[in-house]
Every structure is written in structure tokens, then in C-alpha cells.
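Below is one structure; the comments refer to it alone.
The values are calculated or read from the model by the stated rules, or taken from the named source; none is laboratory data. For clarity, every value in this text was computed on a predicted model and none was experimentally measured. For neighbour counting, all protein chains shown are included, and Cβ atoms are generated from backbone atoms with ideal geometry for every residue, glycine included. Ligands, DNA and RNA are excluded from the accessible area calculation, which covers all protein heavy atoms including side chains. Shrake-Rupley method; radii C 1.70, N 1.55, O 1.52, S 1.80 Å.
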Amino acid sequence: QVQLVESGGGLGQPGGSLRLSCAASGRIFRINAMGWYRQAPGKQRELVATITTGSSTNYADSVKGRFTISGDNAKNTVYLQMNSLKPEDTAVYYCHANVNLTSFTPFLDYWGQGTQVTVSS
């Protein structure tokens with residue numbers, strides 16, 4: 001019903017930058033919020049950053065000052081600009097959306113397939 005298509009990611013150097021994009025499509029009545037989570041090998045999935053359609057943002061302490069989340073409501077798209085990359089940023093990054101399919105149904109959570117980000121020299 002809702003598809004999240006991620007792009008970007010790949011290999012980045014320590015101190016470098018990468019940008020992730022995620023576009024939501026399908027039977028969307030309203031999006032409450034979108035965001036990014038990540039999961040490193042052997043670790044639990046953790047929040048990176050989220051943004052509401054009202055542009056309120058929330059960041060993990062580990063990325064504050066380095067990552068910036070932004071959104072385009074007209075395109076149902078969210079971006080994650082990652083600067084000053086560190087090796088510990090290496091993980092699979094997952095796009096998340098909290099979506100209302102109709103005006104009569106509750107918000108539901110949807111996830112992208114994940115995109116690998118590797119930070120290494």
C-alpha cells in the first residue's frame with residue numbers, strides 16, 4: 001500500500017559527506033512524520049533523525065551537529081545530509097514513515113528496504 005524507496009548511501013570517507021533520500025508513494029492520505037533509523041552489525045536498530053510534516057525535527061545525540069534531516073511535503077520525500085562522517089556511522093540506514101491511509105484509519109508505520117552506508121578510508 002505504501003512504498004518507501006531509498007537512494008544514496010554507499011562508501012564515504014571519514015570526515016566526508018553522503019546524502020540519503022527516501023520517497024514515499026502509494027495510497028497515502030496524510031504523512032505524520034518521516035525519518036531515518038540505522039542498524040549496525042550486531043546492534044539494535046536505532047533512531048537517527050525524524051521530521052514531522054510541520055518540520056519539527058529530532059536527532060540522536062550521536063549525530064547532532066553533523067546530520068541534517070529535511071523534507072519536501074509536496075513530494076513525500078525526506079532527505080538526510082550526513083556530514084563529518086565517522087566510521088561508527090557505518091550501518092544499514094532505513095527510511096521510516098508514519099502514514100495515514102484514510103481519514104478513518106490510524107497512522108501506520110512503514111519501512112524502506114534499507115541502504116548500506118559504509119564509512120572507511
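Restricting attention to segment 70-96 and to residues that are within 12 Å of the chain's Cα centre (by Cα) and within 16 Å of ASN32 (Cβ to Cβ), the residue that is surrounded by the most Cβ atoms within 10 Å (Cβ to Cβ) turns out to be VAL78.
Okay, residues lined up against (1) assigned to a loop (DSSP other than H, G, I, E, B); (2) among the polar types (S, T, N, Q); (3) open to solvent by less than 70 Å² (accessible area, probe 1.4 Å); (4) under 21 Å from VAL119 (Cα atoms):
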site: GLY35; (1), (2), (3), (4): no, no, yes, yes
site: SER62; (1), (2), (3), (4): yes, yes, yes, yes
site: THR68; (1), (2), (3), (4): no, yes, no, yes
site: ASN98; (1), (2), (3), (4): no, yes, yes, no
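Pairs meeting the criteria (first residue in segment 12-30 and closer than 17 Å to THR52 by Cβ, second residue among the β-branched types (Val, Ile, Thr), beta carbons under 6 Å, at least 6 apart or on different chains) are CYS22/VAL78; ILE28/VAL99; PHE29/THR102.
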